[in-house]
Amino acid sequence: MLLWEKRTRLKQTQIKSLLYKMAGNIFIDKIRKQKIAQKHLANIHFEWRQDSTEDRVAYQELKEQYEKALMLLTEKQRSVFLMNRMEDLTYKEIAERLNVSVKAIEKLMSKALSTLKTTIPNYDPTLLR
């Protein structure tokens, strides 16, 4: 939008520089968001109290299902979900952190939970608390 608004005042060489700068910023933002998602995924800890082989296999399968399901979420849905479940942030705190409305957070969380419920058999929302 900034480039379009200033198009009449910029020289052609300035436009090229500005485009490169914008592309670089977009790339850096994407890398930062990926690092945040990886950090959250690394913090997922499942606890299992049974030591039988069957329980360990079931635990591993459930863990893999959660990880796959989380990757199906959009970046925003995953961030909101993990901030709520892993960092114990309220919707209001998440909204303030992301500079969006609480209603937007509620919608993102609702969509994330819906995806998890349809993707993971016997989904239990309390497991990631």
Of Asn25, Asn84, the only residue that is under 23 Å from Leu113 (Cβ atoms) and either surrounded by fewer than 11 Cβ atoms within 10 Å (Cβ to Cβ) or modelled with pLDDT of 85 or more (or both) is Asn84
Being on the phi < 0 side of the Ramachandran plot, over 12 Å from the mean Cα position of the chain (by Cα), without any contact (Cβ under 8 Å) to a residue 60 or more places away in the chain and not in a helix (DSSP H, G or I) is the requirement here; does Leu113 meet it? no
Kindly list the number of the only condition in (1) modelled with pLDDT of 70 or more; (2) under 17 Å from Leu73 (Cβ atoms); (3) in contact with a helix residue (DSSP H, G or I) (Cβ under 9 Å, 6 or more places away or on another chain) that fails for Leu10. (2)
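Say whether the condition of being loosely packed, with under 14 Cβ neighbours inside 10 Å and among the hydroxyl-bearing types (Ser, Thr, Tyr) is met by at least one residue in region 53-62.
yes
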If I ask for residues that are buried (at least 17 other Cβ atoms within 10 Å of the Cβ), aliphatic (A, V, I, L, M) and modelled with pLDDT of 90 or more, which ones from region 87-100 would you list? Ile94, Ala95
Among the numbered criteria (1) modelled with pLDDT of 85 or more; (2) under 24 Å from Lys63 (Cα atoms), which single criterion is violated by Lys103? (2)
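The values are calculated or read from the model by the stated rules, or taken from the named source; none is laboratory data. Quantities reported herein were computed from a predicted structural model and do not represent experimental measurements. Every residue, glycine as well, gets a Cβ built from its backbone with ideal geometry; the counts of neighbours run over all protein chains shown.
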